[in-house]
1. Could you check TRP50 against (1) more than 16 Å from the ligand (Cβ to nearest atom); (2) exposed (fewer than 14 other Cβ atoms within 10 Å of the Cβ) and say which number it fails?
2. Filter region 103-113 down to residues that are of a type in the set (Asp, Glu) and surrounded by fewer than 19 Cβ atoms within 10 Å (Cβ to Cβ), then give me how many there are.
3. Among (1) without any contact (Cβ under 8 Å) to a residue 24 or more places away in the chain; (2) under 19 Å from PRO20 (Cα atoms), where does LYS122 come up short?
4. Sort out which residues of region 27-47 are among the hydrophobic types (A, V, I, L, M, F, W, C) and surrounded by 14 or more Cβ atoms within 10 Å (Cβ to Cβ), and write them in order of number.
5. If you scan region 30-43, which residues turn out to be within 11 Å of the chain's Cα centre (by Cα) and either over 10 Å from CYS57 (Cα atoms) or away from the ligand (no atom under 12 Å from the Cβ) (or both)?
Amino acid sequence: MAERLRDSHSNWASRERGVPRGEVVIFDIDGVLADASARQHFLKGVRPDWDAFFERCHEDPLIEEAARLLQVIDRRYPIVLLTGRPVSVMELTIGWLNRYQLRWDLLIMRDYGDYAAARHFKARETARIRQAGLSPVLAFEDDVRNVEMFQAEGIPCVYMHSGYY
Ligand SMILES: [Mg+2]
C-alpha cells in the first residue's frame, strides 16, 4: 500500500496516491504520536546506542491524544509525518502506523548518512515540502528547537510536551 518515492526523494513514502497537493498538516512522530520514553535509556551514558534506540521504535505505545487529533483534523488537509527517524526503520514505522490505523499521507524520514541536527534536517525537508507544491499550515512537535524552526518558517506549531527529544 505505502510506496517509497525514488531518487532524491527516496527518504519519502506516500501512503496511496503519490504526493498530496495543497495545504497540509505536519506531525512529528517520536514524542508526539509515539511514546518513545521506554527507549530513552539507549541514549544515556557515554555511548548512545542509536541503532538499538531506533530498532525498537515499533514497540512504542501510541499517544492517544495525538491519535485523536489526527482523526479530527479535516480530511481536506493531508497529513505529513516528518520524523528524525532514519529510513532504515521505514518499514517498522509504517507497520506501526498500520497497527494503530493512523491516518497519514506522506512520511518523511532521515536519509542514510544524514546526521544533521534535527532542526536543520526538518528545515531542509520543510523547504522540499514547499518545493513539491505543498503548503504546511500547522505543525505538531515536542522539541522546542523544531517548534522555533517552524515558527521562523512562518508555520504555526503546537508544542506537545514529551520530556525528551
Ligand atoms: Mg519528537
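1. Here TRP50 clears every test but (1).
2. At the first step, the residues of region 103-113 found to be of a type in the set (Asp, Glu) are 105, 111.
If we keep only those that are surrounded by fewer than 19 Cβ atoms within 10 Å (Cβ to Cβ) too, we end up with 111.
Total satisfying the criteria: 1.
3. Among (1) without any contact (Cβ under 8 Å) to a residue 24 or more places away in the chain; (2) under 19 Å from PRO20 (Cα atoms), the lone unmet condition for LYS122 is (1).
4. As a first pass, look at region 27-47 and keep what is among the hydrophobic types (A, V, I, L, M, F, W, C): 27, 29, 32-34, 36, 38, 42-43, 46.
Residues satisfying the conditions are PHE27, ILE29, VAL32, LEU33, ALA34, ALA36, PHE42, LEU43.
5. Residues of region 30-43 within 11 Å of the chain's Cα centre (by Cα): 30-34.
Listed by number, the residues that qualify are GLY31, VAL32, LEU33.
Okay, residues lined up against (1) within 12 Å of the ligand (Cβ to nearest atom); (2) under 19 Å from ALA2 (Cβ atoms); (3) surrounded by 22 or more Cβ atoms within 10 Å (Cβ to Cβ); (4) touching a residue at least 24 places away in the same chain (Cβ under 8 Å):
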residue: MET90; (1), (2), (3), (4): no, yes, no, yes
residue: THR93; (1), (2), (3), (4): no, yes, yes, yes
residue: GLN101; (1), (2), (3), (4): no, yes, no, no
residue: TYR115; (1), (2), (3), (4): no, no, no, no
residue: GLY133; (1), (2), (3), (4): no, no, no, yes
residue: GLU148; (1), (2), (3), (4): no, no, no, yes
residue: PRO156; (1), (2), (3), (4): no, no, no, no
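Read the figures in this text as sums done on the coordinates, not as results from a lab. Everything quoted here is computed from the prediction, not taken from an experiment. So basically every Cβ, Gly included, is an ideal-geometry build from the backbone, and we count neighbours across all protein chains shown.
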